[in-house]
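First up is the structure itself, then whatever we jot down about it.
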Amino acid sequence: MQLPTDKMLARKDGAIGWMTFNNPARHNALSYEMRLAALDILEEFERDDAIRVVVMTGAGEKSFVSGADISQFDKMRDTAEQQAEYDRVSQAMQTQLTTLSKPLIAMIRGYCIGGGLQTALTADLRVASEDSQFAVPAGRLGIAYSWNSVGKLVETVGPSAAKHILFTAKRFPAADALRWGLVNQVVPAAELESTVRDLANTIAGNAPLSLIAAKRAVNELVKDPADRDEAGAKAAGARAMASEDFKEGRTAFMEKRKPVWKGR
């Protein structure tokens, strides 16, 4: 696919869509152009029924995403108009990641810091290498982590761990991330890609409409009751139950064979 920058890569591998932050010279710091390209990639993966799981990762061995590319701040965030446009694209990328209907996995190696951690938190599952490092350095920079980002951090690790991360502004290792529930699994670096690939293939082997319904239900249930779209979640479940795949699942079970999912 045609992208506005070579600092984002997209490829389709069977039922898995891979999105790579490809700016290793800057530890995969996110530029304005990278965010625009991410929107294109995610929209393509969303509409392609053959893609059932999306994996996002960083190029190289040193970083998942280290935050925003501060080298652009002078030219991209110098005026109020520029700041508004930068914020619009940044929020659009976060929204697209958060609202992706398909399961999203973050494959993390190296630095996962600030905006990188914010990006990783949009994933449904996070798998990290043992040499990964995490941080929210806002306290050392005199800035405030956004309301939505704090909320997602608290939702993921709980208030006590969130305060520790935010108050100290220190880097912490993958072992702490696992203990706090920030990541689902920690593996040796040499096993990271194969572990994520196996996980993605396992998920992709299940009925896609069931996965969409499950994700929608969980995402609505963790919201405050007043903010939940219960009708939307129930509609996603009803769609799965009325699908050809539901019939195929029953038939395959009775015939003791692997089901062939169509996503409809």
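Just a few scattered comments:
- Restricting the stretch 94-144 to residues that are buried (at least 19 other Cβ atoms within 10 Å of the Cβ) and basic (Lys, Arg), the residue that is farthest from Ala68 (Cα to Cα) is Lys102.
- Selection within the stretch 126-177 - within 18 Å of the chain's Cα centre (by Cα) and among the aromatic types (Phe, Trp, Tyr): Phe134
- With respect to the conditions (1) in a helix (DSSP H, G or I); (2) among the aliphatic types (A, V, I, L, M); (3) under 23 Å from Val150 (Cβ atoms); (4) touching a helix residue (DSSP H, G or I) at 6+ places or on another chain (Cβ under 8 Å), Ala177 falls short on a single one, namely (4).
- Selection within the stretch 143-174: residues that are closer than 20 Å to Asn219 by Cβ and in a loop (DSSP other than H, G, I, E, B). The member of this set that is modelled with the highest pLDDT is Gly158.
- Pairs, first among the basic types (Lys, Arg) in the stretch 138-162, second part of a helix (DSSP H, G or I), C-beta under 8 Å, six or more apart: Lys152/Gln118
- Between Asp245, Asp198, Asp176, the distinction of being surrounded by 14 or more Cβ atoms within 10 Å (Cβ to Cβ), among the acidic types (Asp, Glu) and under 24 Å from Gly17 (Cα atoms) belongs to Asp245 only.
- Qualifying residue in the stretch 65-88 (condition: modelled with pLDDT of 90 or more and under 29 Å from Ile203 (Cα atoms)): yes
- In the stretch 224-237, the residues that are exposed (fewer than 13 other Cβ atoms within 10 Å of the Cβ) and either assigned to a loop (DSSP other than H, G, I, E, B) or within 21 Å of the chain's Cα centre (by Cα) (or both): Asp224
- Residue selected from the stretch 247-264 under the condition part of a helix (DSSP H, G or I) and not acidic (Asp, Glu), by the criterion farthest from Ser210 (Cα to Cα): Met254
The values are calculated or read from the model by the stated rules, or taken from the named source; none is laboratory data. If you're wondering where the values come from, they're calculated on a predicted model, not measured in any experiment. Note that we place each Cβ from the backbone using ideal geometry, even for glycine, and neighbour counts take in every protein chain shown.
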